[in-house]
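Asker: The structure follows.
The values are calculated or read from the model by the stated rules, or taken from the named source; none is laboratory data. Remember, predicted model here, so these are calculated numbers, not experimental data. Cβ: placed from backbone, ideal geometry, glycine included. Neighbour counts: every protein chain shown. Protein only, heavy atoms only, side chains kept; ligands, DNA and RNA dropped before computing areas. Shrake-Rupley method; radii C 1.70, N 1.55, O 1.52, S 1.80 Å.
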Amino acid sequence: MLEFYFSYRGVLKRLRNGALGAEMDRIAGHFFSLGYKQTSAKLYLSRIARFSHFAAAHCGSGPIGEAIVDCYLHSFTTDSPRIAAVSALQHARRVAPERFIASAPSVVDDPDAPL
């Protein structure tokens, strides 16, 4: 599905490498099925690929933990690219949730609960 958006072999190879490389065609299909314009989908795919390479350097091919995602997001010095990365990663999580380690929900103590 990546061939619909990109034609250069080097770009396709770069997109298919990294921690999310095996899922990039599924992610591209996700954008296609949602009706994203080609330029918007290419931006999202590029952002996801950038994160994928970052994650591969930090966790290899293993599951991607919240600490890696947080470290990646903190690497941005301004809000605009950080927000764009969060949006792209939400798509990746939706399509390939098995690649991410879900954080454990925090338990809030009820002050009125019996001891």
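Asker: List every residue whose amide H lies under 5 Å from the amide H of ILE64, counting only residues 5 or more places away in sequence or on a different chain, with H placed 1.01 Å from N in the peptide plane.
Answerer: PHE100, ILE101
Asker: Could you give the accessible area per residue of the chain, probe 1.4 Å, as a whole number in Å²? Let's see the in-between values first.
Answerer: On the way: 7170 Å² over 115 residues.
Normalised by residue count, the accessible surface of the chain is 62 Å².
Asker: A further question follows. Using DSSP to call loops (not H, G, I, E or B), can you name the chymotrypsin sites (Phe, Trp or Tyr not before Pro) in segment 1-110 whose Cβ has at most 15 other Cβ atoms within 10 angstrom?
Answerer: Here the chymotrypsin sites (Phe, Trp or Tyr not before Pro) that fit, given the DSSP loop and packing criteria, are TYR8, PHE76.
Asker: Taking θ = phi - 60°, what integer Hz values does the Karplus form 6.51 cos²θ - 1.76 cosθ + 1.60 yield along segment 14-27, in sequence order, with x for Gly and Pro?
Answerer: 4, 5, 8, 9, x, 5, 10, x, 5, 9, 5, 5, 5, 5
Asker: Considering only DSSP states other than H, G, I, E and B, which trypsin sites (Lys or Arg not before Pro) in segment 1-109 qualify as loop sites with at most 15 other Cβ atoms within 10 Å? Mind dumping the intermediate values first?
Answerer: On the way: sites: ARG9, LYS13, ARG14, ARG16, ARG26, LYS37, LYS42, ARG47, ARG50, ARG82, ARG93, ARG94, ARG99; in loops: LYS37.
When the trypsin sites (Lys or Arg not before Pro) of segment 1-109 are filtered for loop state and at most 15 Cβ neighbours within 10 Å, LYS37 remain.
Asker: A follow-up question, please. Does the chain come out rounded, prolate or oblate, given a ≥ b ≥ c as the square roots of the eigenvalues of its C-alpha gyration tensor, rounded meaning a/c under 1.5 and, failing that, prolate meaning a/b above b/c? Could the numbers behind the result be given before it?
Answerer: Details: a/c = 2.12, a/b = 1.94, b/c = 1.09.
Because a/c hits 1.5 or more and a/b exceeds b/c, the chain counts as prolate.
Asker: For n ≥ 4 DSSP H runs only, could you compute -39500 (n - 2.57) per run for the chain, divide by its residues and tell me the 222 nm figure to the nearest 500?
Answerer: Details: 6 runs with 71 residues, N = 115.
Counting only the DSSP helices, I get -19000 deg cm²/dmol.
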